[in-house]
1. Anything in region 206-227 that is surrounded by fewer than 16 Cβ atoms within 10 Å (Cβ to Cβ), modelled with pLDDT of 65 or more and out of contact with any Ser or Thr (no Cβ under 6 Å at 6 or more places or on another chain)? List them, or say none.
2. How many of the residues in region 36-84 are within 19 Å of S249 (Cα to Cα), of a type in the set (F, W, Y) and either surrounded by 21 or more Cβ atoms within 10 Å (Cβ to Cβ) or more than 21 Å from the chain's Cα centre (by Cα) (or both)?
3. Out of curiosity, is L192 at pLDDT 80 or above, under 20 Å from the mean Cα position of the chain (by Cα), surrounded by 15 or more Cβ atoms within 10 Å (Cβ to Cβ) and closer than 21 Å to P385 by Cβ?
4. Does L390 satisfy the criteria of being surrounded by fewer than 23 Cβ atoms within 10 Å (Cβ to Cβ), modelled with pLDDT of 80 or more and closer than 16 Å to V248 by Cβ?
5. Can you work out which of the residues in region 340-397 that are among the aromatic types (F, W, Y) and under 20 Å from S134 (Cβ atoms) is farthest from the chain's Cα centre (by Cα)?
6. Scan region 71-86 and tell me whether some residue there is in a helix (DSSP H, G or I) and touching a Pro at 6+ places or on another chain (Cβ under 6 Å).
7. Looking only at region 421-440, count how many residues are touching a Gly at 6+ places or on another chain (Cβ under 9 Å) and modelled with pLDDT of 75 or more.
8. In region 112-149, which residues are more than 16 Å from the chain's Cα centre (by Cα) and aromatic (F, W, Y)?
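The values are calculated or read from the model by the stated rules, or taken from the named source; none is laboratory data. Owing to the predicted nature of the structure, the values given are computational and were not obtained by experimental measurement. In this analysis, Cβ positions are derived from the backbone assuming ideal geometry, glycine residues included, and neighbour counts consider all displayed protein chains.
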Amino acid sequence: MKTERIAHKINAPETKKARAYYMLSSLYEVTVFSFLTLFLAECRANLGWEDWMSSLSLFLPPFTASVSIFFSSFFVGHHTDNLKAMRVLTLSSFFLLVAFSLCGLLLPPNGSEGGVNLILYFVLVIGSALLMGSHWSFLSFQISNVGDINHAEKTRFGQVYLFVPLISMAIAPVAGFLSNSLFHHYRGYLFLFLVASPLLLLEFAGTFFFHSYDPKLFHDEDDEKTSYRRLFSNRKYCLYLLVCVLLVSTLWASDAMASGYWASLESADEEGNAFNGIAYGFYLAFSYLLEFIIVYFNTRIGFGKRTVFSVNLGLGVLTLSSLGFGLLSYFFRLPPQKGLFLVLSVTALHGGKGAANGLYYSSNLSLIHHLVGPKLRRKAVFLAPCLYQLINAFLQLAYPFMGENHFIGFFSMAGFAFVGFVLSWFLDGPLLHQSLGAGPSLSPQGEDALNQESED
């Protein structure tokens, strides 16, 4: 008990640092990746891309993210090594984002004979894919480190993530305004990405402010060589993976489909259309507001006694949201006559995505910790996003071929979410307010190291 008390007292500032750093990284995420799907949708709507080109533009970003996460998982190590990996990824992403944005702004939209500019196409699609891959690898390393901090300080991930949706909600309308300030259509989003690029340099600098834990604090030397075979031998974790894939892949695929639906409404009637970048910023802000409310109450009070109930509820909300989008896109496939009504309806339904996201993030890390323990957790953190991004890639591959029939995709996502909802009731989760420090204990070396840090 003495060790637990001292650990909480001495190392508590690391949770505060992690919270501040997460808020900083969220600024980059909301200004770039929240608009990336709409950016690609704008490209598909305005650059004359054929179906296969549109399909590839949807497939490559999540597929590259999956591949990048998989290979990054073999480099995950202790706290200090993860910070080094995060520095490499932020600097690489900075140079990539600047080059990507400038090339996209300077290249003409049409080819020599007025056709599709294939050079511009590959710059935009491959650049988006590489940015997505580096970002998701970065997030996985970041979550792995937050897990170590939570475990040392007897805190929960929700305490770190709490204000991220609030920051995202505040910045989303500003980002939407910037995307419509100097340039229009896809170039407006490229300008936004260029303006946001210095945030990556701030993320790079922020990694130097973290306390470096002793590598033996959480993991013995043999545990650093953990294979995926050990994770797949855990049946409960395999069920979690299946539920997680159904939840998050559906969440992301539905989000991309909603952006595509938004872009189709925007291009349907250019004059006086309420569907634009500024409105999209408020569309995102409402989703982030609901996400913040969910994370706040789930972290402080909880919607149920166990974390697994958050997963149950998230899948239920996602099912209803996708079903609502399906009905809306079925009845409003023509140029909108009531732009404001549709904007409000789409925004309200998209709020379900924010609610489901908040329920997932406020319980996910605690659930993984409960199922596999602290020693296998860092590998497990990489496996889930690797799989759901892979599934997400193939789900989106067929989406452009639906044409104006967006409702087919939404109804399919509602079905997938409902299957996940049924399966999630067979999961066994820890108490909602159980910290990551509870349950499996530190290694013997970790106890000694933590006491030594306290004495120092």
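1. Passing the criteria: F208, F209, H211, S227.
2. Number satisfying all stated conditions: 2.
3. So L192 fails the test.
4. Yes; evaluated as a whole, the condition is true for this residue.
5. Once the filter is applied, the top-ranked residue is F382.
6. Looking through region 71-86, none of the residues is in a helix (DSSP H, G or I) and touching a Pro at 6+ places or on another chain (Cβ under 6 Å).
7. So the answer is 2.
8. So the first thing to find is which residues in region 112-149 are more than 16 Å from the chain's Cα centre (by Cα), and the list is 112-127, 145, 147-149.
Once the filter is applied, which keeps residues that are more than 16 Å from the chain's Cα centre (by Cα) and aromatic (F, W, Y), region 112-149 yields Y121, F122.
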